[in-house]
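Report on the structure given below.
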Amino acid sequence: MSLLLVGSTNARVGFHDGMAILRAGGSAIDAVVATIRHVEANPDDHSVGYSGLPNLLGVVELDASIMDGRTLASGAVAAMQGYQDAIDIARVVMEELPHVLVAGAGAEHLAKESGFARKNLLTPEARAMWASRIDDSDEYAAKMRRLAGTLSRDPERPEDAHGTVNVIARDKEGSIASGVSTSGWAWKYPGRVGDSPIVGAGNYADQRYGAATCTGRGEMAQRCCTAHSVVMFMRFELSLQEALQRAAEDLHNLEDPYWGEVNILAIDRHGAHGAVSLVPGRTYIAMTEEETEPIELERRFVFAAR
């Protein structure tokens, strides 16, 4: 089977480690986790892990999920504070607990119990970005409503609203795995959980058909079960591109006053890859065993009049 690693562009910092694992005969799961781990540790990325942008209270909360397309085993953490290694802890949930999703204080307890180091995730740079949007005169709910509409559509700072890393890998056995990690919607209401840790919404892998992951406004992907939809469309014999198109059209049809960008990345069971976006100009990266560097590719823009 040909080796493959695809991901959001911010995953580039971990792609060489992920591909090295695949070339050495390692599993797709190992490659996904190794790749995402680098992004979670990257202080220049304010959408994931350390230095992620915080919630309304100035607290960084992390979400992540991992899925094994061979067995459909899944693990996820949500609204986790104080631990950088969200994708690794999601893997602990998948492999060591009889659960799929552990949230909040429970995820933090599991991280401590599993030997992960506690860390202050809020950097001075991320705090300054957070403070630039905060008006302490508002109640939390009013503040969230005010910020949500502006953040989703601010052309000067599009990264403020939504950001995520996602990676899909295929190993030499043909096994597929997918992973997603994020600090979530910046300035989100405390405890908000997006699509990234929700299996079927932001992440889904079934190697009989393919895998899909999402970035962007998670509430939209949650409502449409977008990642699962892409895979199920392929199950019912739509091509990869047709499946992506149909899922994007479903998102466009949502009535949502905070409608925002969603990006979908997918591979099919044969190892073909593709990606779409609800906004123009977005890209993703892909790497095979023959390539020495990830190749950046354009996501197909799916337009719908609103």
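What the table shows:
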{"read-out": "Only one of Leu5, Leu56, Leu72 that is in a strand (DSSP E or B) and farther than 22 Å from Gly115 by Cβ", "value": "Leu5"}
{"read-out": "Condition broken by Ala201, with the remaining ones in (1) more than 25 Å from Ala103 (Cβ to Cβ); (2) of a type outside the set (S, T, N, Q); (3) under 13 Å from the mean Cα position of the chain (by Cα) satisfied", "value": "(1)"}
{"read-out": "Evaluation of Thr123 against (1) under 22 Å from Val13 (Cα atoms); (2) under 15 Å from the mean Cα position of the chain (by Cα) (one fails), failing number", "value": "(2)"}
{"read-out": "Condition met for Met80 (surrounded by fewer than 24 Cβ atoms within 10 Å (Cβ to Cβ), touching a strand residue (DSSP E or B) at 6+ places or on another chain (Cβ under 8 Å), of a type in the set (A, V, I, L, M, F, W, C) and at pLDDT 95 or above)", "value": "no"}
{"read-out": "Members of region 59-69 that are part of a strand (DSSP E or B) and either among the small types (Gly, Ala, Ser) or touching a His at 6+ places or on another chain (Cβ under 7 Å) (or both)", "value": "Ala64, Ser65"}
{"read-out": "Where Asp195 falls short, out of the listed (1) modelled with pLDDT under 95; (2) in contact with a strand residue (DSSP E or B) (Cβ under 7 Å, 6 or more places away or on another chain); (3) of a type in the set (Asp, Glu)", "value": "(1)"}
{"read-out": "Sole exception among (1) over 22 Å from Arg127 (Cβ atoms); (2) surrounded by fewer than 17 Cβ atoms within 10 Å (Cβ to Cβ) for Val93, by number", "value": "(2)"}
{"read-out": "Of all residues making up region 52-73, the number that are small (Gly, Ala, Ser) and buried (at least 24 other Cβ atoms within 10 Å of the Cβ)", "value": "4"}
{"read-out": "Index of the failed condition, Ala304 passing every other in (1) hydrophobic (A, V, I, L, M, F, W, C); (2) surrounded by fewer than 18 Cβ atoms within 10 Å (Cβ to Cβ); (3) under 23 Å from Ala86 (Cβ atoms)", "value": "(3)"}
{"read-out": "All positions within region 20-52 that are in contact (Cβ under 8 Å) with a residue 24 or more places away in the chain, in a helix (DSSP H, G or I) and within 22 Å of Val92 (Cα to Cα)", "value": "Leu22, Ala28, Ile29, Ala31, Val32, Val33, Thr35, Ile36, Arg37, His38, Val39, Glu40"}
{"read-out": "Any hit, region 39-60, residues being at pLDDT below 95, touching a helix residue (DSSP H, G or I) at 6+ places or on another chain (Cβ under 9 Å) and on the phi > 0 side of the Ramachandran plot", "value": "yes"}
{"read-out": "Test: residue in region 136-152 that is modelled with pLDDT of 70 or more, within 29 Å of Ser229 (Cα to Cα) and surrounded by fewer than 21 Cβ atoms within 10 Å (Cβ to Cβ)", "value": "no"}
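Residues are listed down the side, and each one gets a yes or a no for (1) small (Gly, Ala, Ser); (2) out of contact with any Leu (no Cβ under 6 Å at 6 or more places or on another chain); (3) closer than 26 Å to Ala275 by Cβ:
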| position | (1), (2), (3) |
| --- | --- |
| His16 | no, yes, yes |
| Gly25 | yes, yes, no |
| Ser47 | yes, yes, yes |
| Val60 | no, no, no |
| Asp85 | no, yes, no |
| Ile89 | no, yes, no |
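The values are calculated or read from the model by the stated rules, or taken from the named source; none is laboratory data. Every value quoted in this text rests on a predicted model; they were computed, and no experiment measured them. All Cβ positions, glycine included, derive from the backbone under ideal geometry; neighbour counts span all protein chains shown.
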